[in-house]
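For reference, the structure is listed below as structure tokens.
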Amino acid sequence: MDIQTNGFLSIEQLANRMCGSTRTSDRTQTTEGSSFKDILDKKSEEQTDILKFSKHASYRLTDRGINLTDNQLERLNEGTGKARQKGINDALVVVDDLAFIVNVQSSTVITAMDSLQTDDRVFTNINGAVIM
């Protein structure tokens, strides 16, 4: 390996510094024997398990005085998982008297409302619904 002396790190040097390991001669394998694709797929799966709230949804929760219990949050996660299994992209997930619009692919809650804000009971820009 040629170590650069121009003040900038090579990609390999940076990777070694960030990962804290030396690379093997086979560039598609890590030291543990997993390919980059395997690691990326695993990280992607882990990320989809974590439900995030958009800035808009966080504002709506605060503005409307909605406080989710742990049980409700768990059921919202479960409903998002069910929507993912059915291939839904943008889902209406109803938990108790709360309605959430969730972008399933990014596991992000787009907006939230309770039964008082759903007077007309019309939801747009969704392609599926899950009632928990």
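The values are calculated or read from the model by the stated rules, or taken from the named source; none is laboratory data. Note that the structure is predicted; figures quoted are calculated from it, not measured. So basically every Cβ, Gly included, is an ideal-geometry build from the backbone, and we count neighbours across all protein chains shown. All accessible areas refer to the heavy atoms of the entire protein, side chains included, with ligands and DNA or RNA removed. Shrake-Rupley method; radii C 1.70, N 1.55, O 1.52, S 1.80 Å.
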**Flag for I110 being more than 17 Å from H56 (Cβ to Cβ) and under 19 Å from the mean Cα position of the chain (by Cα)** = no
**Request:** Note down all Cβ pairs under 7 Å where the first residue falls in the stretch 55-82 and is under 15 Å from V94 (Cβ atoms), the second is of a type in the set (D, E, K, R) and open to solvent by 70 Å² or more (accessible area, probe 1.4 Å), and they're at least six residues apart or on different chains.
**Result:** Q72/D96
**Prompt:** Has the stretch 41-50 got at least one residue that is exposed (fewer than 13 other Cβ atoms within 10 Å of the Cβ) and at pLDDT 75 or above?
**Reply:** yes
**Item:** Filtered residues of the stretch 51-68 (kept if open to solvent by 60 Å² or more (accessible area, probe 1.4 Å), part of a helix (DSSP H, G or I) and hydrophobic (A, V, I, L, M, F, W, C))
**Value:** none
**Prompt:** Could you list, in sequence order, the residues of the stretch 69-94 that are under 12 Å from L51 (Cβ atoms), open to solvent by less than 50 Å² (accessible area, probe 1.4 Å) and of a type outside the set (G, A, S)?
**Reply:** Q72, L76, T80, V93
**Request:** Filter the stretch 117-132 down to the residues that are more than 16 Å from H56 (Cβ to Cβ) and touching a residue at least 12 places away in the same chain (Cβ under 8 Å), then identify the one that is most open to solvent (accessible area, probe 1.4 Å).
**Result:** I131
